[in-house]
Structure formats: C-alpha cells, structure tokens
1. For residue 448 and residue 157, what is the calculated FRET efficiency with R₀ set at 56 Å and r taken between the beta-carbons, to the nearest 0.05?
2. Please work out, to two decimal places, the log10 of the ratio I(q)/I(0) at q = 0.20, 0.21, 0.27, 0.34 Å⁻¹ from a Debye calculation in which every Cα of region 520-563 carries one identical scatterer.
3. List 393, 236 from most exposed to least, where exposure is judged by having the fewest other Cβ atoms within 10 Å.
4. When only Cα pairs under 8 Å and 6 or more residues apart are kept, what is the percent relative contact order across region 447-558?
5. Let me see the P(r) profile for region 333-375: every Cα-Cα distance counted, bins of 10 Å, each bin given as a percent of all pairs.
6. Taking 0.36 nm per intervening residue step and subtracting the Cα-Cα distance, what contour gain separates residue 296 from residue 32 on full extension?
7. Using only the Cα atoms of region 242-288, what are the Rg and Dmax in Å?
8. Of the listed peptides 180-186, 418-424, what is their order by residue-averaged count of other C-beta atoms within 10 Å, with the highest listed first?
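The numbers here are math on the coordinates, done by the rules we state, and not lab data. Keep in mind it's a predicted model, so treat the numbers as computed, not measured. Quick reminder, even Gly has a Cβ in these numbers, built from the backbone with ideal geometry, and neighbours come from all protein chains shown.
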C-alpha cells in the first residue's frame, strides 16, 4: 500500500518528506565552509611558527643552535629578560590586586560610583595603550610634564624650588605604574564574573559570625575565586611579556629595555638578527609554557570549595567609613587611565610647542587642521587611513571566521567541536610578538615577498585576534536558544540559511561589540606594526614610533588624540546603536543583550 506524501499549502511537498539524506546533505553543505576554514586557520598558525623554527635552527650540517647560543650569551638579552621578569612580578601582581579589589567593590559592595565604576576598570581596553603612554609622557616627564609644572608651582608657594620633577615617568616607578594600570582590565574581565557568580551564603555566614567586610573578603571571597585569580595571573603574564607600546615609549625614556623591545629591535636588523629574533621569541614561548604549566599545577593541587544548592548574590556589603575611599579609588583610576592622559594629548595638540606651562591664550588649532589638509606632512594621515582600513577589514574577517567556526562547532560532534575550539584558542597561548615575528620570517621573503604590505599585517591580525573573536562569538552564541533554529530546520531551511537569517542576527549585539573592540585593538596596535609595517605602508603604530623618535611632539599628540577619539566613537556607536537585536527598540539598552565579550587574550 502506498502512502501519499504530505503536502504543504499550495500543493508543494512538505519539507519533512525530504528525509534524513537531504538533511545530511544540508549539514555537509555548511561543513564545506567550516572545515576548510579551520584547517586554513591551523595552517596559518602552525606553518609560520614551524618554518621560523626550522629555518632558524637548521643549517647545511643539520641542527644549528648558534642563534640560540648567541642570544643566551648576549648581556642585552639577559638584561631585557630580567627587566621583563621585574615588570611581570611587580606590575602583574599589582594589577591582579587592583583588579580583584575593583571586582569586589563593584560586584559585592556599595562602594560603586555609577557609570565611573563600570567604565574605569575596562577603560584601557577602549583607549589604545600607545595613546595612554604618550599622554602620561606629557603629564609626568621630568622637565616639561604638566603635573610636574603644577606640583613645582605648589611647592614653590611653600618655599621649595625644584628644577625638575618631582615626578618622573621615565623611570622604573613610572614604567611599573603604567604597566599596572594597563594590565588591570585584562585581569578584571576574568575575575569579575567569578565574584558575580559567587554564592554569597558563606560570606553572609562570615559576617554573621562578627567578621568585618575586609576580613570576609580576604578569608572567604578571595579563596573561593582562587582559580579565576590564577587564570587572570596567566593572562597578565602573557600580555605583560609581549606588551610593546609602554616599553617602546616610556621604557626608552627610562633606558629600560624589555624582552619585547629587544625582539623588535632584532627584526629591524640583518638576516642574522632575524634568526636571533626567532631564537629570543622561542625563549619567550618556553617561558610562557612554563608559566602555564605552573598555573595548571597549582590549580590541580588547590582545594576548591564546591557549594551545592542554588546560588544567590546576597545582600550588598555596606562599607561604612570605607565607602568614600572606595569611590575615590574608582575615580582616581578613571582619571589616571582616561581623563588625565586624554587632556594632556589635547593640550599639547593645541600648544605651539610642548611646555609645562598651560596658557589657554596661546592655544591654536592649526596643528589639527594641518593634519587633515597638509600636503607636506602626509605620513600621519596616510598611516591613519591604512590603520582604519586594516581595522575595518581585519575585525570583519576575523569575527566572520570565528562566527562561522563557532556555529559549525555547535552542530558538530564533541571531537570536532573540541578541535575547532582548540585551534581558535592556540594564539592565546602564544605571544602576539612571537606570531608577528614568525609571519615576518615566513611571508616577508620570496616567493610571496609580502614584507611591509597590507596583506602581511592583515594575516597577522587574523591570527593574533582569533582567540578574542572566538570567545566573543561563543558568548553571543550561548545567549541564543535552539528553539527557533530547530523550528527553521524543521521547516526545511538548511543550517547555513538558518544561521544567516535567524542565528547570526540574534547574535548581533555581542558580535558588534566584539567587532568594535577588535577594531580598536588593531587601530592602536604597536606589536605587529613595529615588526611588519613597511616604509611605504605605514600604520598608526609605526607612524607614532617614527614621530616619537623624531621628537615632533605636537604631531604625536594630534595623531594620538585623533586615534583615541575615533576608537571611543566606534565603541560608543557599537554599544548604543548597532548592538540591538532585530526588533529591539531604541530605548532598550544593551544590557538586554548578550554580555560584553572578554577581549583579553
């Protein structure tokens, strides 16, 4: 007996009658995009690293460790490595302490200060680090810094006359200060969710036993979030070891060379210098791998408390007399990372020349107008144009690839899903500096000869920012339920069509925010720019270094100020305008959408 096939309205065959074979074909059609993409990404990560290592450590007679031996015997390398360890130990620890304090204050206490508390700990993610470094150079340089000029005037009232200082950003304290405030947000975005999701029952029990808020935080809260603090510590170590903008600007003033500056300087020298740069980069990889192993070992031996039952936020901790100091700390950090350096950039851009004396009557906007109109000094304008194109194209491509891979992984088996997630996270375990050096070593020469080109920078950014993009895409995907997707699939739509028409539009708030953040990171990047940019294809990072070396501080301030304004405008538009879901009213805030993605690598 033959059973009639069900029909849809209009006489068409119902989609359900197409059978399992058609569904498998539709799934395979989506896999045809995802599988080659993940393989291409893996090759783009592994091939440059392997090629750089093989070409650097092999010769006609076989293995050649001469570049590594040369680096290890170099006193400059030993000094740079020691300086990096000092930065990690002092600034990294200080950043973890501050980030934990901000997370506790903002999530568990009444010591918040409205929008300032929300923005202050993450502000360095919204402002290019190089702009903050230059702003603080204008603020606290020993002779011409604005803060020093103000402080010398105040001290002069009381009879103390100083020719320089009292602050000196070009020193160990200045360098460690800037590293600390720049590293805080990377630890904060890891520690804050742990405080937010922490069961408050044990904290409340501690307070009911008579312990004060500070003792409860030290004895109960911090031990409970120990794994998150260790994860933040690992992230801070990786970022601090590779950070280039602060040591390139402030470290050069203080004559303190870190490992990142040492490696970048080697890439600018001869071909022998390139092999030594690879050797130094491999030492950095081994060091970071050791730090990762130590972190995993500590976590494995740590006694973690598991709290059963439903978690609860509990009552807000009343700080009492400590509330005002807590609010003052939030305000002071916000001033240090945003208000003061941006104000310094603006003032220097308006001054005829940089001086510690601020005289508004001498302010002129000719340097700003010349930036957009001058035909004799096109470098800053052309560099900004290139960086804007790189930021737009790079952020779009890396986020599109991450979104496709995350979507493909979600519908794949466990083994394939874990493989995809692992590939997208590999660059997070490797310094961006190492990635840039490996890409330069592989693609700069024949047969591709991409040295100094737009494409070689784009390739570097696709690898460097894939972990951030994949984390953001996973976060956005996790906010979308499967009911609508399954309904679309049952109605006959393929996985690809369902993703394009339903899934990805619903993921848009998180994806747009991530796009803006990656755009900002590319716009202000100095690591890849210093290694890969060429004289005929300058970007903001390389142009800033060139202008800084030339000592044209007014142009430096103008370029840094414009880059910062553009970055803040892009992030502001992403958060307030373009991050709403389809059909969401303009009045609905972004808080209704997915949580902001973690951008730290």
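1. On the way: r = 64 Å, r/R0 = 1.15.
Computed FRET efficiency for residue 448 and residue 157 comes out at 0.30.
2. -0.59, -0.65, -0.99, -1.21
3. The fewest-first ordering by Cβ neighbours comes to 393, 236.
4. 35
5. 26, 44, 27, 3, 0
6. Working: separation 264, 0.36 × 264 = 95.04 nm, distance 3.62 nm.
Between residue 296 and residue 32, full extension yields an extra 91.4 nm.
7. 11.0, 29
8. Details: 180-186: 25.0, 418-424: 17.6.
Top to bottom by mean Cβ count within 10 Å: 180-186, 418-424.
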